[in-house]
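Asker: Take this structure first; my questions come after.
Derivation of every value follows stated rules applied to the coordinates shown; laboratory data play no part. Note that the structure is predicted; figures quoted are calculated from it, not measured. Positions of Cβ are backbone-derived with ideal geometry, glycine not excepted, and every protein chain shown enters the neighbour counts.
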Amino acid sequence: MGLKKVNTVLLLIGLMNIIVSAQNRKVNIPEGMVLISGGVYTPLYGAKKDSITVKVEPFYMDKYPVTNAQFLEFVKKNPKWQRSKMKNLFADKNYLSNWKSDSELGEKVLPNSPVTNISWFAAKAYCKYYKKRLPSVAEWELVAKASAAKPDGSQDPNYIKQILEWYSRPTPEKIPQIGLRGKNYWGVFDLHGLVWEWTSDFFSALVTGESRGDSGLERNLFCGSGSVNASDFKNYPAFMRFAFRSSLKANYATNNLGFRCVRDIK
Amino acid sequence: MKKALIISISFSVILLSVVLYLLGGVKKVERQSIAEAKQTSDANKSCCTEKQSGEASENSVYQLESVWKTEAENKIVLNDLKGRKQIMAMIFTSCTYACPLIVNDMKKIEAQTKRNDVNFLLISIDPERDTPEVLMQYARNNKLDMKRWRLLTGDENSVSELAAVLGFKYKKEPDGSFSHSNIINLLNDKGEVAYQHFGLNQDVQDVLENINKL
């Protein structure tokens with residue numbers, strides 16, 4: 001009888017080994033990233049009055065915003081992106097202006113804080129170098145609407161309140177380190193609370209379907225006619241992000257704007 | 001006999017799983033080293049393409065290295081356009097309302113400027129549908145003088161980078177059309193944005209005045 005028990009145990013161990021090895025080969029999440037299994041994003045403004053949803057395919061997202069130390073590493077490997085070599089078309093004069101020099105961070109920033117004073121082009125180049133890309137607005141917003149407990153916290157008054165409180169505080173002189181606040185439902189940190197983040201298609205922040213006259217776009221944003229089309233009136237933080245994005249230009253480098261990367265699943 | 005059979009089966013299962021596990025590990029390492037090798041080769045590539053564009057001015061749009069196709073299927077980079085002034089707009093040819101008005105405004109400028117060092121450029125924001133043939137047809141339909149006009153199409157990344165430097169906003173709608181800014185850009189000989197005319201169906205005198213300043 002004893003021998004039979006031993007046999008059963010051995011058999012079980014063997015089976016478990018098979019399962020583990022099979023899983024090992026299937027799950028290959030890149031280091032420092034988490035899997036976002038996709039979902040549905042409702043843009044704040046659609047072309048039509050009845051809101052249109054965007055299906056977001058699964059992708060990997062960086063757990064944390066890119067830090068000063070990480071960006072310094074990138075700049076060392078890619079001298080084209082040094083502050084002193086920057087051309088105004090790709091980043092304005094504030095590019096990495098909070099660093100001591102091309103190759104030193106200095107006293108004003110912490111190595112483990114999100115890198116800021118970064119232009120869209122610089123953020124894009126960083127992601128590309130690591131075989132990643134910037135998230136689209138839809139991807140970013142899909143992940144950012146998750147609270148700690150739920151994939152969609154956008155109807156949760158406490159969650160909204162928390163974000164608004166951050167928006168109402170001025171940017172501290174020294175941006176705090178990453179990862180000190182809790183992660184959200186997906187396991188992603190610091191989407192809110194430290195810095196704003198670049199998206200690949202930030203320039204898609206327009207209001208109406210057919211734009212008749214360019215200046216009308218911005219003017220209509222918060223006035224009656226513009227917000228008639230809005231899909232979610234309660235989500236003030238989303239309005240603010242929309243307004244912020246629509247004010248950006250690709251070479252802007254400001255002290256409260258950083259980024260993180262995503263990667264496609266192959 | 002039965003016991004012996006069970007023992008041998010379970011041992012073979014363990015053996016098999018160990019082999020599978022090891023194989024998986026080996027494959028992972030291989031995959032990693034391939035990825036690393038790819039990364040370094042890509043890094044080398046980017047180092048060498050950068051050198052070509054060293055001379056452009058600080059604000060020149062022509063620093064963008066993207067490759068475009070003309071309506072005549074010729075491949076060009078934006079820097080090939082330097083040396084002449086360009087009146088340029090980003091459009092898509094299946095656009096029914098705004099784009100025809102922009103092209104019309106550009107034609108007004110063409111009719112009123114006596115300068116022959118000014119060219120006209122339409123860049124498509126619709127890589128999927130606006131192939132060179134479609135652009136050629138569009139040029140014919142709009143009776144564009146092909147000695148002065150050129151139409152370009154490029155990939156999504158090229159379009160977004162150009163849009164980004166011009167402050168041109170656009171968004172693809174679910175029906176395949178685009179919402180977009182309406183801007184007529186005046187680029188100088190070096191490819192710097194000298195003037196931007198916003199909106200539709202307005203007086204183009206401001207553009208003409210700015211051409212004459214160049």
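Asker: Step through the table entries B:Lys69/B:Lys172; B:Lys82/B:Lys169; A:Lys80/A:Lys183, compare each Cα-Cα distance with 28 Å, and write down the pairs that go over it.
Answerer: Numbers: B:Lys69/B:Lys172 21 Å; B:Lys82/B:Lys169 24 Å; A:Lys80/A:Lys183 34 Å.
Where the Cα-Cα span goes over 28 Å, the pairs concerned are A:Lys80/A:Lys183.
Asker: Please arrange A:Trp166, A:Trp196 by how many other C-beta atoms lie within 10 Å of their C-beta, fewest to most. Numbers along the way, then the final one.
Answerer: Numbers: A:Trp166 12, A:Trp196 22.
Ascending number of Cβ neighbours within 10 Å: A:Trp166, A:Trp196.
Asker: Got a sec? Charge dipole of segment B:99-214, +1 on Cβ for Lys and Arg, -1 for Asp and Glu; which of B:Ser177, B:Phe120, B:Gly167 is way out at the positive end?
Answerer: Result: B:Phe120.
Asker: Also, I was wondering about something else. Please report A:Arg260, B:Arg150, B:Arg129 as a ranked list, fewest other C-beta atoms within 10 angstrom at the top and most at the bottom. Display every interim value, and only then the final one.
Answerer: Numbers: A:Arg260 29, B:Arg150 23, B:Arg129 12.
So the ranking, lowest neighbour count to highest, is B:Arg129, B:Arg150, A:Arg260.
Asker: Taking 8 Å as the Cα distance limit and 6 or more residues as the minimum spacing, I'd like the relative contact order of segment B:61-213 as a percentage. Display every interim value, and only then the final one.
Answerer: Working: 257 pairs, mean separation 47.6, N = 153.
This gives 31 percent for segment B:61-213.
Asker: Can you compute the modelled spin-label distance between A:Thr53 and A:Val40, with each label point 7 Å from Cα toward Cβ, in nm?
Answerer: 0.1
Asker: Give me the net charge for the shell around B:Val204: Cβ to Cβ below 9 angstrom, other residues only, Lys and Arg +1, Asp and Glu -1.
Answerer: Details: positive: B:Lys108; negative: B:Asp105, B:Asp203, B:Asp206.
Here the charged neighbours net out to -2.
Asker: Next up: Using only the Cα atoms of segment B:89-214, construct the convex hull and provide its projected area averaged over every direction, in square nanometres to one decimal.
Answerer: Numbers: hull surface 29.6 nm².
Projected over every direction and averaged, the Cα hull of segment B:89-214 covers 7.4 nm².
Asker: Over the whole of B:174-183, what's the average partner chain Cβ count within 10 Å per residue? Rounded to a whole number, please. Walk me through the numbers before you get to the answer.
Answerer: Numbers: counts 7, 4, 0, 3, 6, 10, 7, 7, 7, 1.
Per residue, the number of nearby Cβ atoms from other chains is 5 on average.
Asker: Please give the Cα centre distance for segment A:92-158 versus segment B:59-112, rounded to the nearest Å.
Answerer: Cα centroid to Cα centroid, the span is 33 Å.
Asker: Might you report the magnitude of the Cβ-based charge dipole of segment B:61-213 about its Cα centre, with Lys and Arg at +1 and Asp and Glu at -1, to the nearest 20 debye? Numbers along the way, then the final one.
Answerer: Details: 20 positive and 22 negative charges, 112 e Å.
The dipole of segment B:61-213 has a size of about 540 debye.
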